[in-house]
1. If each DSSP helix of 4+ residues adds -39,500 (n - 2.57) and the sum is divided by the residues in the chain, what number results at 222 nm, nearest 500 deg cm²/dmol?
2. Length gain on complete extension for the stretch residue 442 to residue 308, per 0.36 nm per residue less the alpha carbon to alpha carbon distance?
3. Compute the Cα gyration tensor for the range 107-162, then decide on rounded, prolate or oblate, letting a ≥ b ≥ c be the square roots of its eigenvalues: rounded whenever a/c is under 1.5, prolate when a/b is larger than b/c in the other cases, and oblate in all that remain.
4. Restricting to the chain, what percent of DSSP beta bridges are antiparallel, rounded to 5?
5. Calculate how steeply helix 29-43 sits against the longest principal axis of the alpha-carbon atoms of the chain, using the helix alpha-carbon long axis, and give the answer as 0 to 90 degrees to the nearest 10.
6. Taking all pairs of distinct Cα atoms, average 1/r, flip it, and tell me the Kirkwood hydrodynamic radius of the chain in Å to one decimal place.
7. For the chain, take the longest principal axis of its alpha carbons; what is the angle in degrees between that and the long axis of helix 247-260, to the nearest 10 within 0 to 90?
8. By the gyration tensor of its Cα atoms, with a ≥ b ≥ c the square roots of the eigenvalues, what is the shape of the range 224-373: rounded for a/c under 1.5, prolate for a/b over b/c, or oblate?
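FYI, it's all coordinate maths here, none of it is from the lab. Nothing here was measured: the structure is a model prediction, and the numbers come from that model. Reconstructed Cβ throughout: ideal geometry from the backbone, glycine too, with neighbour counts over all protein chains shown.
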Ligand SMILES: [Zn+2]
């Protein structure tokens, strides 16, 4: 099946122009500047366990000050009691004719263990046309591109119609976190973030295995994140005299039932539209299935086939999966406590309370207590109107003619939910194309094609200028 997708893609997708390859072979001064910012940023460890967002925020702030932004316009804001969770807010001044444009990127990264990685995760390695590092894609590429572009604006003496505000924030990856940078800034420094609209992670572009562009994406909505703590307790006892009631077995059996369970499929309008679009682009048996699922009514067997692919499955339904477990106190004692974390990703519009009760029903054992971890933050998607789609499409068409722009729902969660809830419509768009299945985001050996970093820089440069106006 995979082979036929590739064949169909070769037939329908644009060929990368020789100019792009030339550009890749010899990066220009702007690209080298970005590469340097990017290297510095990924080489500052910003994991929760041993890193510091504050160090990264300070380093990026220093770059902007050196480039000529006023000291008072570059602030590192550290939540009280969380010295390593600092955030950077920088303001590139415009004429003030219009309300500001906000550029958001998170600078914290998911944990990365050196011994598990092929290369040092906190060293920028360029190999086989890719950058490798923790955060290479999520989300330090966008963060570095924003910083480098503000430096470039400054060197050009660009004067936009509105302020361009950059926020590089911490603890996006930790849900819930008392030190989430966007929440903290909205609560304590609301005026600094105030904007007519914002750009954030969540969109990008998809490459096929041969590096051809399949589609450019803009995020329209995202699933809601809700984790649960599962716990079974038991009086325990001597392991030389086992009993049938056992906290670990209770929990394990419940989790096994959850593993076999699928939430019902539900086709949101954005998913139906993107499936219909991808059906034409992909063709072949997968394209046929996408067409059948986008039909009215959706084809049940085609849903079952597409659901075997984790990426389509995540678009089609709410998911809940066990992500952590610990149990037992001693090698020779019956466990008194068994605990697990189940992470759910709820389709927008579905009730989180209903997911909780479904979870309890599927676990099917009253000894397993189910407690929500934090309260889910709901977020209606920002309206995909011409104000954003027009400029995104114009810049995308100019850079990658013939590559379709597809609005997608993100199966992940981003900080966009906080901004949308605060009345700042936020769009996931980066112009950075990546290989969806092997990019290592949140996993091992995270990577981004070298060409994608530089193209994303150019895309964001043009998009910000289009949205911010001026000259
Ligand atoms: Zn991210």
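1. Details: 16 runs with 182 residues, N = 471.
The helix contribution divided over the chain gives -12000 deg cm²/dmol.
2. Details: separation 134, 0.36 × 134 = 48.24 nm, distance 2.11 nm.
Here the segment from residue 442 to residue 308 would lengthen by 46.1 nm.
3. On the way: a/c = 4.30, a/b = 2.46, b/c = 1.74.
Prolate is the answer for the range 107-162, as a/c is 1.5 or above and a/b outweighs b/c.
4. Details: 45 of 65 bridges.
Antiparallel: roughly 70 percent of the beta bridges in the chain.
5. Tilt of helix 29-43: around 30 degrees.
6. Values: mean 1/r = 0.0422 Å⁻¹.
Taking the inverse mean of 1/r over all distinct Cα pairs, the chain comes out at 23.7 Å.
7. Rounded to the nearest ten degrees, it is 60.
8. Numbers: a/c = 3.53, a/b = 2.71, b/c = 1.30.
Prolate, because a/c is 1.5 or more and a/b exceeds b/c.
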